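Below is one structure; the comments refer to it alone.
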Amino acid sequence: MSKTILITGAGSGLGKGTALGLAKAGHKVIATVENWPQVSSLRAAAVEAGADIVVDKLEYTKEADHDTILRKYGAEVDIFVANAATGETGPAAEIPMERYRHVFEINVFRTVELAQKFAAIFARRGAGKIVVVSSTAGLMPYPFLAPYTASKHAVEAIFQLMQLELAPLGVQVATINPGPFDTGFNDRMYETVDQWFDPAQNFTPEQPLRDMQGMFADPDFQFDPQGMVDVMVEVIPQDSHKFRTVHPPAFGEDVRKYHETLWDMEVSAG
């Protein structure tokens, strides 16, 4: 059955691929992007791919954009997919606080704010679905990725509670948890540290940070994004599926093993 699906952060990466894929699968897709150049770019990509999608601008931090999107499309949307996100890297004890705040503003506060608005529409209707694209970083931490990891942990908690609270009102809530995919997002995120980190001034040893940066930049570490896009195109329109969709599946096993270790963690002097 065809659904009307609004997806944010569709200007690049998994969001772009998923928007095009859902449209080609026969769904009506409203794809939002951050700025007007991305609007033009995605419209051109849709024409080239033979995908009939509606593309509009939604800058998360602009209330006027929120209001416009809700006014234009809110009544017809069956599924809201919160995909837009950002990230910062560096040693957790030294990342400037404004960088933490920026990540939480986009990944948590604005994401939840827009989800609340769709939740109100869906609850009054007695039907609808909210899907937030989280991350495996929302289920286990990665070194030197504190703002992003913490924001995704917050997303996991909030949207799990939304699922519990909204289910009696007929509203479904779910998360999708990608591992590292070669979209450029991870590379750009790990480069943000170079905007402020100075080995001569910061107290954290530089080499472990560079090792982690290099690991994420390694093409062999990151997966072909088409595999994740295919999973998202399959899961998002479904009427019934697990609350969390972790992909690749091996990362789900890693998460389970990690959570088993939490009870044995110790701290010690010396």
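Per-structure values
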quantity	calculated
Residue check for V81: among the aliphatic types (A, V, I, L, M) and either buried (at least 17 other Cβ atoms within 10 Å of the Cβ) or in contact (Cβ under 8 Å) with a residue 24 or more places away in the chain (or both)	yes
Residue check for G74: in contact with a His (Cβ under 7 Å, 6 or more places away or on another chain) and open to solvent by less than 10 Å² (accessible area, probe 1.4 Å)	no
Filtered residue count, the stretch 129-143, keeping only those that are modelled with pLDDT of 95 or more and over 14 Å from the mean Cα position of the chain (by Cα)	1
Tally of residues being in contact (Cβ under 8 Å) with a residue 40 or more places away in the chain, open to solvent by less than 70 Å² (accessible area, probe 1.4 Å) and more than 24 Å from G227 (Cβ to Cβ) across the stretch 174-207	6
Residue match in the stretch 258-266 (condition: free of Cβ contacts under 8 Å to residues at least 12 places away in the same chain and in contact with a helix residue (DSSP H, G or I) (Cβ under 9 Å, 6 or more places away or on another chain))	no
Enumeration of residues in the stretch 112-137 that are in contact with a Ser or Thr (Cβ under 8 Å, 6 or more places away or on another chain) and within 20 Å of T68 (Cα to Cα)	L114
Among the candidates R256, R210, residue that is open to solvent by 40 Å² or more (accessible area, probe 1.4 Å), under 25 Å from E191 (Cβ atoms) and basic (K, R)	R210
Candidates G184, G126, filtered to the one that is on the phi > 0 side of the Ramachandran plot and modelled with pLDDT of 95 or more	G126
Candidate set: the stretch 53-71, residues that are in contact with a helix residue (DSSP H, G or I) (Cβ under 6 Å, 6 or more places away or on another chain) and open to solvent by 20 Å² or more (accessible area, probe 1.4 Å); chosen: the one nearest to M189 (Cα to Cα)	E59
Among the residues listed as T18, T61, T32, the single one being in a strand (DSSP E or B), among the hydroxyl-bearing types (S, T, Y) and touching a residue at least 24 places away in the same chain (Cβ under 8 Å)	T32
Residues of the stretch 88-112 classified as assigned to a helix (DSSP H, G or I), buried (at least 19 other Cβ atoms within 10 Å of the Cβ) and among the hydroxyl-bearing types (S, T, Y), total	1
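The values are calculated or read from the model by the stated rules, or taken from the named source; none is laboratory data. Every value quoted in this text rests on a predicted model; they were computed, and no experiment measured them. Every residue, glycine as well, gets a Cβ built from its backbone with ideal geometry; the counts of neighbours run over all protein chains shown. Ligands, DNA and RNA are excluded from the accessible area calculation, which covers all protein heavy atoms including side chains. Shrake-Rupley method; radii C 1.70, N 1.55, O 1.52, S 1.80 Å.
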